[in-house]
Amino acid sequence: MKIAVIADIHGNVMALDAVLNDLELRGGADLIVNLGDCVSGPLWPRETFERLEEIAAPTVRGNHDRRVAEDGTDEMWPSDRYARERLTPAQRDKLATLPLQLEIAPSVLAFHARPDHDERYLADAIVDGHLVPAALEAIEKRLHKLDPAFRLLLCGHSHRPELLRLPDGRVIFNPGSVGEPAYFDDTEPMHVSQQGSPHARYGRVEIDGDGAINFEFFAVTYDWESAAQQAERAGQPSWAHALRTGFMPKTQGV
């Protein structure tokens, strides 16, 4: 079984199309799973939503999916408000009904951040304002309530491609972000996440009949300059910088 894994599209339909085209050129997959944060961002939220409806991938709720679906408030982040204002009520309602987690195959669990929370990091820690790999003990503690029958855990949220095998044999796989290669989170503790290049990221998992699992990471070139220009038109220059470079502007380092 081949499972294509996409996450953190953030309204970047150009990056999503590039990923889907690349996947097709590589022979496709038996299943595409979407790990959430679908539309939030100053790009093409409605177009992205419509493209995702076309592929009908099993999808879990990201923290920004939840925020976009909530009633608009002054406290909303600009990227969430931008998406909310451009989606139809029916589209927002659909985001609100996305599940926190999904068992997409036997022993394979998909979720956005953690199995029990859509906004807390699983395999990462914040050190000196940057995301870094978390200690194994911390990761195991975060998973202590999860049924150990789940051997493969698919997650996103950090936007960082990660593959980690725990001492008990469970594997965590994060494909990286399709559409937002870097971000600055101004909630305490403030931090940045940076993929280090503007490529659209995704992954593929192949589960053999004997239970062996192989993993692939892909970084796909697309017209990120056009995406950056769209962010600039929406009044988000830091997004534009991230889309062009894979890094946050130095003025938004912490």
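Each value in this text was obtained by applying a stated rule to the coordinates, not by laboratory testing. For clarity, every value in this text was computed on a predicted model and none was experimentally measured. With ideal geometry, Cβ positions are generated from the backbone for all residues, glycine too; neighbour counts draw on all protein chains shown.
Ranked by Cβ crowding within 10 angstrom, fewest neighbours first, how are Leu35, Leu164 ordered?
Details: Leu35 31, Leu164 16.
Result, fewest neighbours first: Leu164, Leu35.
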task: Positive end of the charge dipole of the range 2-252 (Lys, Arg +1 and Asp, Glu -1 on Cβ, about the Cα centre): tell me which of Ala83, Pro133, Ala7 has its Cα farthest that way.
output: Pro133
query: How much mean residue ellipticity at 222 nm does the chain get from its helices, if each DSSP H run of length 4 or more adds -39500 (n - 2.57) and you divide by all residues, to the nearest 500 deg cm²/dmol?
result: -8500 deg cm²/dmol
- request: State the extension gain, in nm to one decimal, for the chain segment bounded by Asn214 and Glu70, taking 0.36 nm per residue of separation less the distance between their alpha-carbons.
  value: 48.0 nm
Furthest towards positive pole of dipole, Ile32, Leu52, Leu98, structure part the chain, Cβ charges: Ile32
statement: Looks like the chain, by Cα gyration tensor root eigenvalues a ≥ b ≥ c and the a/c under 1.5 rounded cutoff (else prolate when a/b is bigger than b/c, oblate otherwise), is rounded
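What is the order of Ser40, Ser226, Ser193, fewest Cβ neighbours within 10 Å to most?
On the way: Ser40 30, Ser226 11, Ser193 23.
Result, fewest neighbours first: Ser226, Ser193, Ser40.
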- prompt: If you line up the long axis of helix 224-233 against the longest principal axis of the chain, both from Cα atoms, how many degrees apart are they, to the nearest 10?
  reply: 50 degrees
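Given Cβ point charges of +1 (Lys, Arg) and -1 (Asp, Glu) and nothing else, what value in debye, to the nearest 20, does the dipole of the chain about its Cα centre take?
Numbers: 26 positive and 40 negative charges, 30 e Å.
Result for the chain is approximately 140 debye, rounded to the nearest 20.
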query: Taking Cα centroids, how far is the range 199-240 from the range 1-49 in Å?
result: 8 Å
- request: For the range 1-129, just say rounded, prolate or oblate: build the C-alpha gyration tensor, square-root its eigenvalues into a ≥ b ≥ c, call rounded for a/c under 1.5, and beyond that prolate if a/b exceeds b/c, oblate if not.
  value: oblate
- line: Checked the range 133-218 against the a/c 1.5 cut and the a/b vs b/c comparison, axes a ≥ b ≥ c from its Cα gyration tensor; verdict oblate
message: Please arrange His112, His64 by how many other C-beta atoms lie within 10 Å of their C-beta, fewest to most.
response: His64, His112
message: Let's test the formula: R0 of 41 Å, r as the Cβ-Cβ distance of Arg120 and Arg51. What FRET efficiency results, to the nearest 0.05?
response: 0.90
field: Rounded tilt (10° steps) of 45-55 against the dominant C-alpha axis of the chain
entry: 30 degrees
task: Calculate the dipole size of the range 130-254 relative to its Cα centre from +1 charges on Lys and Arg beta carbons and -1 charges on Asp and Glu beta carbons; express the result in debye to the nearest 20.
output: 140 debye
- request: Please determine, in degrees from 0 to 90 and to the nearest 10, the orientation of helix 13-25 with respect to the longest principal axis defined by the Cα atoms of the chain, where the helix direction is its Cα long axis.
  value: 40 degrees
